[in-house]
């Protein structure tokens with residue numbers, strides 16, 4: 001964001017502008033805060049979120065005390081230039097309660113939209129929970145018990161099934177086999193303690209470098 005763009009922003013009568021903080025990877029809204037010109041400039045300069053506290057009348061750097069900082073990936077303004085969306089990579093919970101997002105109280109229980117990236121986040125969490133609890137009879141528990149050789153074998157089998165479905169031009173079968181392949185890949189990443197978001201970051205860097 002250039003200084004010209006900052007000058008074009010419409011701060012309110014108190015010199016503030018609302019900032020919606022969003023997880024750059026999952027697209028989940030983490031919190032809504034306010035920025036003045038100085039906190040916005042510090043956010044751009046440091047690549048970490050800085051806000052203006054309306055109650056304390058001072059700037060504050062998210063995570064300065066807790067360590068739960070937010071690495072800024074992008075900042076966008078709306079069509080009226082009177083609100084911001086700040087896309088971040090959170091280093092910990094966004095909420096003071098310890099929740100990942102301040103918006104954790106549901107008035108209407110959401111259903112997971114088909115095709116949303118959120119289902120991958122949910123699946124990663126389920127796999128992590130399975131590894132911790134190792135519930136008897138669960139297929140994921142079985143995979144963790146058998147280890148990398150079994151998980152790797154399943155990935156090979158599912159990858160072959162994906163290719164066969166593609167060769168047969170069977171779109172429905174391809175969807176099912178691709179889903180199986182993704183699931184087993186996520187299990188392998190968890191077994192190896194490789195974060196899915198780190199994999200996505202590699203893709204992002206490749207995209208930016210056009211490699």
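The values are calculated or read from the model by the stated rules, or taken from the named source; none is laboratory data. It should be emphasised that the depicted structure is a prediction, and the values quoted were computed from it without experimental measurement. Quick reminder, even Gly has a Cβ in these numbers, built from the backbone with ideal geometry, and neighbours come from all protein chains shown.
So if I check each of 65, 69, which one is on the phi < 0 side of the Ramachandran plot and either in contact (Cβ under 8 Å) with a residue 12 or more places away in the chain or in contact with a helix residue (DSSP H, G or I) (Cβ under 7 Å, 6 or more places away or on another chain) (or both)?
When all the criteria are applied, what remains is 69.
With region 25-78 as the region, which strands (runs of 3 or more DSSP E) entirely inside it contain at least 3 residues that are more than 16 Å from the chain's Cα centre (by Cα) and modelled with pLDDT of 95 or more?
Counting at least 3 such residues, we get 29-35, 50-53, 58-61.
Out of (1) assigned by TED's automatic domain parsing to the domain that holds residue 12; (2) buried (at least 17 other Cβ atoms within 10 Å of the Cβ), the odd one out for residue 127 is which?
Of the numbered conditions (1) assigned by TED's automatic domain parsing to the domain that holds residue 12; (2) buried (at least 17 other Cβ atoms within 10 Å of the Cβ), the odd one out for residue 127 is (1).
Of all residues in region 24-43, count the ones that are farther than 30 Å from residue 124 by Cβ and out of contact with any strand residue (DSSP E or B) (no Cβ under 7 Å at 6 or more places or on another chain).
Within region 24-43, residues that are farther than 30 Å from residue 124 by Cβ and out of contact with any strand residue (DSSP E or B) (no Cβ under 7 Å at 6 or more places or on another chain) number 3.
Let me spell it out: the conditions are (1) under 16 Å from residue 35 (Cα atoms); (2) surrounded by 13 or more Cβ atoms within 10 Å (Cβ to Cβ), and residue 91 meets all of them except one. Which number is the exception?
Going through the list (1) under 16 Å from residue 35 (Cα atoms); (2) surrounded by 13 or more Cβ atoms within 10 Å (Cβ to Cβ), residue 91 breaks only (1).
Considering (1) without any contact (Cβ under 8 Å) to a residue 24 or more places away in the chain; (2) within 30 Å of residue 88 (Cα to Cα); (3) assigned to a helix (DSSP H, G or I), say which one residue 193 fails and leave the rest.
The number of the failed condition is (3).
Just to be sure before I move on: is residue 21 in contact with a strand residue (DSSP E or B) (Cβ under 7 Å, 6 or more places away or on another chain), at pLDDT 95 or above and surrounded by fewer than 18 Cβ atoms within 10 Å (Cβ to Cβ) in the structure I sent?
Working: in contact with a strand residue (DSSP E or B) (Cβ under 7 Å, 6 or more places away or on another chain): yes; at pLDDT 95 or above: yes; surrounded by fewer than 18 Cβ atoms within 10 Å (Cβ to Cβ): no.
So residue 21 does not fit the description; no.
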